[in-house]
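Chemist: Below is one structure. I have some questions about it.
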Amino acid sequence: MKKKRNYMHKSNWWKYLLAVVIVIFHVLPLYVLVVMAFKTKTDMSSLLTIPNYFYPDNFIKIFKKGEILNAFKNTAIVTVCVLFLEIVAGGLASYPLARNKSKWNQFISSVFMGIMMIPSLSILVGVYSLLVSIHGISTLWGLILVSVAFGLPMTIYLYTNFINAIPESLDEASAIDGCNVFQSFFKIILPQLKPVTVTVLILNGVGIWNEYAYGLYILQKPKTYTLTLMISQYFSTGGKDFNGAAAAACIAIMPIVIAYICLQKYFIQGTIDSAVKG
Amino acid sequence: MKKRKRMLNLFYIPALILILFFVVYPLLEAFRISFTQWNGYSQDYKYIGFSNYAKLFKDENFRTAFINTIIYGFGSTLLQNVFGLAYAVFLNSRFRGHSVVRTFIYLPAMISGLIMGYIIYFFVMYNHGVFNEIIGWFGAAPVDWMADGPRGVIIMTLINSWQFVGICMVIYLAGLQNVPQMYLEAAEIDGANSWQRFRHITFPLLLPSIASAVVLNLIGGLKLYDVIVALSGGGPGFTTHSLASYISNQYFKAQNAGYSAAVGIFTFFFIMIVANIFTRYFNKKEVEM
């Protein structure tokens, strides 16, 4: 055994070399973004070289302008509300779908799963004209409700898989003890849902934070812009101030990058849970 | 107990209402609008039967968007699975610091496709772009990367694959860890080389992971939208549109809501059918194994 380990150690150098190449390949764009954000507009040096001066003005300018704080607030409101509604409606819906597998419920289940595959933009015309008729354009709640509806199937899928794995005898025992369905759910099932709720929070949270396709059409007034819309404004109409735009993009992605670095174990487990049947 | 089960069904009413109202109803509404001629906001519209659908066959821009969508979808799926599996096998060989590498490969998937598109603009731009700088080191003349439609499609397929390969890798890593070590050891004792061990033991056991990774990537790639908006806006001309971006282009730019709805309904059925074919295929394969 000892001999084998020694042997492996020697032949490992190419792995480290390959590892370094792969890491550079995957972080290079973010590196360029950060470098851009710290350069002056007139700096014509290569995008790959770090500036030899310290220039935080791009960031200062953006915060002085203040719009980004409003966009942050909007994104935070949308993300929190969508996650809250998805967890409540999705968690509740999964209980009967996991426990009562009648023909009717299996039909409902397959409708939900089908929606998971639909590209949300394919029914853009329908969604948009619905929102116009209920005055949901340029409101955060319009975007929130649409996002919840499209995110629910994934949420329900995750919760249903998870509840399936909880022994049904627990519910039955509680029923014999006199619990009604509501009590069974809130006392027996709900306390066990913590791990899958973390997964739902992470997966859907990333999706909502990065949402753009519907936000672009629903949120038309600048004061309702979310971060992605704000960034797209910077890039498309910023008078070609790419350094300022890069700084804004840095600010927008910061929260999610930090969350990912700190909680990566959960991010990765969440991805696996969502993809591989439980 | 029966009454209990009926009570239980009350639980899915909130979700059902939300989905009926914001997905099912808009779907039916889009279906209805697809039979009309309508600019998207005015009061007057008229039913024109299947004209919008007939137009699909004649519209060259639609055909381009359809072909592009297939390239975006299947191209990214192929690349992500090949590289995702290669990365997973590499990281599974457990050298020191392999988890750091995993962290960085997965990182771009956390960032909005839109913002990633803008970041990549710094690479493909003509003046001072990173790509032109790199090819300049080798004495090549600068290239206007996004000026050519087909090349733009390939570049955006590569970007999408690069950005989300981490998801695939993570799925395969989980799959590889489920391959029992003793099978591999037994085969090694029997004299199987490492390729044979991979081909005949690891690969068949990975099939469930392959199934989910392929379907997930297909659905993701066929929906591609953000990167296109950020990087090419569908241009030059209409050469790099995907179906998703063409839908919004026809609705909001061309103000042709009826036609846009028809493209949407087509996209809806197209993706449903592709996803179903692949899901069925893999289910059958798994049963055979």
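The values are calculated or read from the model by the stated rules, or taken from the named source; none is laboratory data. Remember, it's a predicted structure, so these values are computed and weren't measured experimentally. Reconstructed Cβ throughout: ideal geometry from the backbone, glycine too, with neighbour counts over all protein chains shown. What goes into the accessible areas is simple: the full protein's heavy atoms, side chains included, and nothing from ligands, DNA or RNA. Shrake-Rupley method; radii C 1.70, N 1.55, O 1.52, S 1.80 Å.
Chemist: For the list (1) open to solvent by 10 Å² or more (accessible area, probe 1.4 Å); (2) in contact with a helix residue (DSSP H, G or I) (Cβ under 9 Å, 6 or more places away or on another chain); (3) more than 8 Å from every other protein chain (Cβ to nearest Cβ), I need the number of the one condition that B:VAL227 fails.
Modeler: The single condition B:VAL227 does not satisfy is (1).
Chemist: Return yes when B:ILE119 is open to solvent by less than 50 Å² (accessible area, probe 1.4 Å), closer than 30 Å to A:ASP273 by Cβ and within 19 Å of the chain's Cα centre (by Cα) and no when it is not. Before the answer, list the steps.
Modeler: Numbers: open to solvent by less than 50 Å² (accessible area, probe 1.4 Å): yes; closer than 30 Å to A:ASP273 by Cβ: yes; within 19 Å of the chain's Cα centre (by Cα): no.
Here the answer is no, as B:ILE119 does not meet what is asked.
Chemist: Among the residues of the stretch B:230-272, what is the count of those that are surrounded by fewer than 14 Cβ atoms within 10 Å (Cβ to Cβ) and within 10 Å of chain A (Cβ to nearest Cβ)?
Modeler: The total comes to 1.
Chemist: Among the candidates B:ALA88, B:ALA65, which residue alone is touching a His at 6+ places or on another chain (Cβ under 7 Å), touching a residue at least 24 places away in the same chain (Cβ under 8 Å) and either more than 9 Å from every other protein chain (Cβ to nearest Cβ) or of a type outside the set (Ser, Thr, Tyr) (or both)?
Modeler: On inspection, the qualifying residue turns out to be B:ALA65.
Chemist: Residue check, A:LEU140 against (1) at the interface with chain B (Cβ under 10 Å from one of its Cβ atoms); (2) more than 30 Å from B:ARG280 (Cβ to Cβ); (3) among the hydrophobic types (A, V, I, L, M, F, W, C), all met but one. Which one?
Modeler: All conditions are met except number (1).
Chemist: Against the conditions (1) among the basic types (Lys, Arg); (2) within 28 Å of A:ILE256 (Cα to Cα); (3) in contact (Cβ under 8 Å) with a residue 12 or more places away in the chain, where does B:ARG197 fall short? Just the number, please.
Modeler: Every condition holds for B:ARG197 apart from (2).
Chemist: Output the residues belonging to the stretch B:38-74 that are outside any loop (DSSP other than H, G, I, E, B), charged (D, E, K, R) and either out of contact with any strand residue (DSSP E or B) (no Cβ under 7 Å at 6 or more places or on another chain) or surrounded by 11 or more Cβ atoms within 10 Å (Cβ to Cβ) (or both).
Modeler: We begin by selecting, within the stretch B:38-74, every residue outside any loop (DSSP other than H, G, I, E, B); these are B:46-47, B:51-58, B:60-74.
Next, only the ones that are charged (D, E, K, R) stay: B:46, B:55, B:58, B:60, B:63.
B:LYS55, B:LYS58, B:GLU60, B:ARG63, listed by residue number.
Chemist: For the stretch B:25-35, indicate whether the set of residues that are open to solvent by less than 70 Å² (accessible area, probe 1.4 Å) and over 28 Å from the mean Cα position of the chain (by Cα) is non-empty. Reasoning before the result, please.
Modeler: Restricting attention to the stretch B:25-35, the residues satisfying the condition of being open to solvent by less than 70 Å² (accessible area, probe 1.4 Å) are B:26-27, B:29-30, B:33-35.
If we keep only those that are over 28 Å from the mean Cα position of the chain (by Cα) too, we end up with B:35.
Yes, the stretch B:25-35 has at least one match.
Chemist: OK, next. Of everything in the stretch B:124-156 that's open to solvent by less than 10 Å² (accessible area, probe 1.4 Å) and part of a helix (DSSP H, G or I), which residue is modelled with the lowest pLDDT?
Modeler: The initial filter retains those residues of the stretch B:124-156 that are open to solvent by less than 10 Å² (accessible area, probe 1.4 Å), namely B:124, B:129-130, B:149, B:152-153, B:156.
Restricting the remaining residues to those that are part of a helix (DSSP H, G or I) gives B:124, B:130, B:149, B:152-153, B:156.
Working: B:VAL124: 90, B:VAL130: 89, B:GLY149: 86, B:GLY152: 92, B:VAL153: 94, B:MET156: 94.
Here the answer is B:GLY149.
Chemist: Taking A:ILE62 as meeting all but one of (1) crowded, with 21+ Cβ neighbours inside 10 Å; (2) within 30 Å of B:THR267 (Cβ to Cβ), write down the number of the exception.
Modeler: (2)
Chemist: From the list B:LEU222, B:LEU207, which residue is within 10 Å of chain A (Cβ to nearest Cβ) and within 23 Å of the chain's Cα centre (by Cα)? Break it down into steps so the answer makes sense when it comes.
Modeler: On the way: B:LEU207 fails: within 10 Å of chain A (Cβ to nearest Cβ).
The conditions single out B:LEU222.
Chemist: Let me ask you something else. Within the stretch A:209-227, which residues are open to solvent by less than 20 Å² (accessible area, probe 1.4 Å), touching a residue at least 40 places away in the same chain (Cβ under 8 Å) and within 11 Å of another protein chain (Cβ to nearest Cβ)?
Modeler: First, pick out the residues of the stretch A:209-227 that are open to solvent by less than 20 Å² (accessible area, probe 1.4 Å): A:212-215, A:218-219, A:224, A:226-227.
Cutting the leftovers down to touching a residue at least 40 places away in the same chain (Cβ under 8 Å) gives us A:213-215, A:218-219, A:224, A:226-227.
Hits for the stretch A:209-227 are A:ALA213, A:TYR214, A:GLY215, A:THR226, A:LEU227.
Chemist: Now for a different question. Pairs needed: first member in the stretch A:143-165, more than 9 Å from chain B (Cβ to nearest Cβ) and under 11 Å from A:ALA89 (Cβ atoms); second member anywhere, open to solvent by less than 40 Å² (accessible area, probe 1.4 Å) and of a type in the set (Phe, Trp, Tyr); C-beta distance under 9 Å; at least 6 residues apart or different chains.
Modeler: A:TYR159/A:TYR95
Chemist: Then there's this: Here is a list: B:TYR87, B:TYR106. Which entry is of a type in the set (Ser, Thr, Tyr), touching a Lys or Arg at 6+ places or on another chain (Cβ under 9 Å) and buried (at least 17 other Cβ atoms within 10 Å of the Cβ)?
Modeler: Values: B:TYR106 fails: touching a Lys or Arg at 6+ places or on another chain (Cβ under 9 Å).
Selected residue: B:TYR87, the only one of B:TYR87, B:TYR106 that is of a type in the set (Ser, Thr, Tyr), touching a Lys or Arg at 6+ places or on another chain (Cβ under 9 Å) and buried (at least 17 other Cβ atoms within 10 Å of the Cβ).
Chemist: Right, another one. Specify the residue that is nearest to A:GLY90 (Cα to Cα); the eligible residues are those in the stretch B:1-55 that are in contact (Cβ under 8 Å) with a residue 24 or more places away in the chain and within 7 Å of chain A (Cβ to nearest Cβ).
Modeler: Once the filter is applied, the top-ranked residue is B:LEU27.
Chemist: Out of the stretch A:68-101, which residues are surrounded by fewer than 17 Cβ atoms within 10 Å (Cβ to Cβ) and at pLDDT below 85?
Modeler: A:LYS101
Chemist: To continue, here is another question. Does B:VAL215 satisfy the criteria of being within 14 Å of chain A (Cβ to nearest Cβ), in a helix (DSSP H, G or I) and buried (at least 22 other Cβ atoms within 10 Å of the Cβ)?
Modeler: Numbers: within 14 Å of chain A (Cβ to nearest Cβ): yes; in a helix (DSSP H, G or I): yes; buried (at least 22 other Cβ atoms within 10 Å of the Cβ): no.
In short, no.
Chemist: Then there is this: Out of curiosity, is A:LEU18 surrounded by fewer than 20 Cβ atoms within 10 Å (Cβ to Cβ) and within 10 Å of chain B (Cβ to nearest Cβ)? I'd like the intermediate steps shown before the answer.
Modeler: Details: surrounded by fewer than 20 Cβ atoms within 10 Å (Cβ to Cβ): yes; within 10 Å of chain B (Cβ to nearest Cβ): yes.
For A:LEU18, the condition - surrounded by fewer than 20 Cβ atoms within 10 Å (Cβ to Cβ) and within 10 Å of chain B (Cβ to nearest Cβ) - is met.
Chemist: How many of the residues in the stretch B:157-175 are surrounded by 24 or more Cβ atoms within 10 Å (Cβ to Cβ) and either in contact with a Phe, Trp or Tyr (Cβ under 6 Å, 6 or more places away or on another chain) or in a loop (DSSP other than H, G, I, E, B) (or both)?
Modeler: 3
Chemist: Identify all residues within the stretch A:186-195 that are of a type outside the set (D, E, K, R) and either open to solvent by 10 Å² or more (accessible area, probe 1.4 Å) or over 27 Å from the mean Cα position of the chain (by Cα) (or both); write none if there are none.
Modeler: Start the filter on the stretch A:186-195 by keeping residues that are of a type outside the set (D, E, K, R), which leaves A:186, A:188-193, A:195.
Result: A:PHE186, A:ILE188, A:LEU190, A:PRO191, A:GLN192, A:PRO195.
Chemist: For the stretch A:48-71, which residues satisfy the criterion of being within 30 Å of B:ILE135 (Cβ to Cβ) and in a loop (DSSP other than H, G, I, E, B)?
Modeler: As a first pass, look at the stretch A:48-71 and keep what is within 30 Å of B:ILE135 (Cβ to Cβ): A:48-53, A:55, A:58.
Scanning the stretch A:48-71 gives A:LEU48, A:THR49, A:ILE50, A:PRO51, A:ASN52, A:TYR53, A:TYR55.
Chemist: Hey, among the residues in the stretch A:122-139 that are in contact (Cβ under 8 Å) with a residue 60 or more places away in the chain and open to solvent by less than 10 Å² (accessible area, probe 1.4 Å), which one's nearest to B:ILE265 (Cα to Cα)?
Modeler: The first filter runs over the stretch A:122-139 and keeps only residues in contact (Cβ under 8 Å) with a residue 60 or more places away in the chain, leaving A:124, A:127-128, A:131, A:136-139.
So of that shortlist, the ones also open to solvent by less than 10 Å² (accessible area, probe 1.4 Å) come out as A:124, A:127, A:131, A:136.
Working: A:LEU124: 10, A:VAL127: 13, A:LEU131: 19, A:GLY136: 23 Å.
So, considering only residues that are in contact (Cβ under 8 Å) with a residue 60 or more places away in the chain and open to solvent by less than 10 Å² (accessible area, probe 1.4 Å), the one nearest to B:ILE265 (Cα to Cα) is A:LEU124.
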